[in-house]
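Just so it is clear, none of the values below were taken in a lab; they were calculated from the coordinates. Treat the numbers as computed from the prediction; the structure is a model and nothing was measured. Using ideal geometry, Cβ is built from the backbone for each residue, glycine included, and neighbour counts are taken over all protein chains shown.
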Amino acid sequence: MKTINSKEQNQEIILANHPSGVPTTDTFKINDIDMPAIKEGEVLLKSIYVSVDPGMRGFMNKGDDDAAGNKFELNKPITSRTVAQVIDSNNDDFMIGDIVHGRFAWQKYQSVSVDDMEKVDPTLAPISTAVSMLGVPGLAAYFGILNIGQAKKGETVVVSGAAGSVGSIAAQIARIKGCRVIGIAGSAQKIAYLENDLGIDKAINYKQVNDMEAAIKAACPNGVDIFFDNVGGEMFDAVFANINRHARIAICGQIADYNEANPPQGPRPMHALIKQSARMEGFVVYDFKDEFDDAKQQIAEWYNNGDIVYKENLIEGFENIPDAFIGLFSGENIGKQMIKVGEVAENQK
């Protein structure tokens, strides 16, 4: 076993208050805590990359625990997808130096059951991609476009939130499949990224458009065959008004409503779904967990061949995790919002 330097400082970030609307710094609290001891079968982890996602906002609401156990408890550490390094082990399957990923607490150091994590294959792509391109965001894009959207060459695909961690991969997979791809984002920088770096056909800056429904119609003169929705709200309404017969709609996220206590009632889509013989399906990535390995191999192959590019909005410092999370709702980040909180110990690899 490895002896941990007693001067090492461990910290955690807890949910201090249930937020109302967009979270603030008062939603969180940083505590100094003891270094953990590991039990038989456990490993001691050092956090390296912490991922934050808009969907975590719903887990912060006050209310009864949901069936999936996703609610964050007051005065308990928040959890999110994290890449970490094993620095001590009481399990024969995980060695000191191994890189792993899983849903871990916002702590610098923590003891974890090996049932709650997976090893990262560093030969596929940089290790940070285990929680970005090769993690939940990339997998959600893959299954949403291919399994639900069933993208075919020549079809028109619209992706909302197209410059984000999920949308940027979804747009590129649709492009790879020979689709005409329209991305929706909210800044000139994001529009340039989508059209120049990702190579999609057309990007629409919704902040510069007065009539979004008309803008979609102009960008999609032959209608919309596949809609990959990360946003919801009025954005959904505008795209939905342009769907074709037999369109497929993959509902991945609804960031427009995450901070709304009483989300506004939009148009009811049932009649139009019947009229167009269209299909709308919400999903979580774990619906397809049996296909994860094949999907990761394919995404990594596209990445290593140069068919897919990805961007990480990397912020440094454990103490900056709350601000990084809050920043998701300002719409400024491009790609995956991540925080680097530690360095890989090269001599342990």
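Quarter the surface of the alpha carbon convex hull of the range 281-328 and you get the mean projected area, 5.6 square nanometres.
Couplings for the range 172-179, taken from phi via the Karplus curve 6.51 cos²θ - 1.76 cosθ + 1.60 with θ = phi - 60°, read 6, 5, 4, 5, 4, 7, x, 8 Hz in order; Gly and Pro are left as x. Just list whichever of 152/336; 71/340; 177/289; 62/202; 29/336; 275/336 have alpha carbons separated by over 32 Å in the model shown. Long pairs (Cα-Cα over 32 Å): 62/202; 275/336. Think of the chain as having a plus end and a minus end, set by charges on the Cβ of Lys, Arg, Asp and Glu; of 126, 33, 149, 149 sits farthest toward the positive end of this dipole. Amide H to amide H, with H built 1.01 Å from N, residue 181 comes under 5 Å of 157, 201, 202, counting only residues 5 or more places away or on other chains. Where a ≥ b ≥ c are the square roots of the eigenvalues of the C-alpha gyration tensor, would you call the range 7-67 rounded, which needs a/c under 1.5, or, failing that, prolate if a/b is larger than b/c, or oblate? Prolate shape, in that a/c is at least 1.5 and a/b is the bigger ratio. Here the residues 217, 207, ranked from fewest to most Cβ neighbours within 10 Å of their Cβ, fall in the order 207, 217. The aspartates and glutamates within cross-link reach of residue 217, meaning a Cα-to-Cα straight distance under 16 Å and a gap of 8 or more places when in the same chain, are 155, 201, 225, 234, 237. Going from the residue with the fewest nearby Cβ atoms within 10 Å to the one with the most, 118, 291, 40 rank 40, 118, 291. Maximal additional length on extending the residue 202-residue 187 stretch stands at 4.0 nm, based on 0.36 nm per residue less the C-alpha distance. Globularity index of the range 136-304 is 0.97 (Cα radius of gyration / 2.2 N^0.38 Å, N = number of residues). Label zone (residue 103, point 7 Å along Cα-to-C-beta; backbone nitrogen cut-off 13 Å) within the range 273-299: 284-287.
With a cut-off of 15 Å between beta carbons, the residues surrounding residue 181 carry a summed charge of +1, where Lys and Arg count +1 and Asp and Glu -1. Each DSSP beta bridge with both residues in the chain is either parallel or antiparallel, and the antiparallel ones are about 55%. Taking a Cβ cut-off of under 14 Å around residue 135, the surrounding Lys, Arg, Asp and Glu residues balance to a net charge of +1, with basic ones at +1 and acidic ones at -1. Each other residue within a Cβ distance under 10 Å of residue 199 adds +1 if Lys or Arg and -1 if Asp or Glu, for a net charge of -3. Taking amide H as placed 1.01 Å from N in the peptide plane, the amide H of residue 89 sits under 5 Å from that of 2, 44, each at least 5 places away or on another chain. Short-range pairs are left out: with C-alpha atoms under 8 Å and at least six residues apart, the relative contact order of the chain is 18 percent. Arranged from fewest to most other beta-carbon atoms within 10 Å of their beta carbon, 180, 57, 245 become 245, 180, 57. With the simple spin-label model, which puts each label point 7 Å out from Cα in the Cβ direction, the residue 245 to residue 275 separation comes to 1.4 nm. The length gained on full extension between residue 286 and residue 90, counted as 0.36 nm times the residue separation minus their Cα-Cα distance, comes to 67.7 nm.
All C-alpha to C-alpha distances of the chain, sorted into 20 Å bins beginning at zero, yield P(r) values of 30, 56, 14, 0 percent in whole numbers.
Protection proxy ranking for 319-332, 275-288, 131-144, using the average of other Cβ atoms within 10 Å per residue and placing the highest first: 131-144, 319-332, 275-288. Among the trypsin sites (Lys or Arg not before Pro) within the range 99-140, not one is in coil by DSSP while having at most 14 neighbouring Cβ atoms inside 10 Å.
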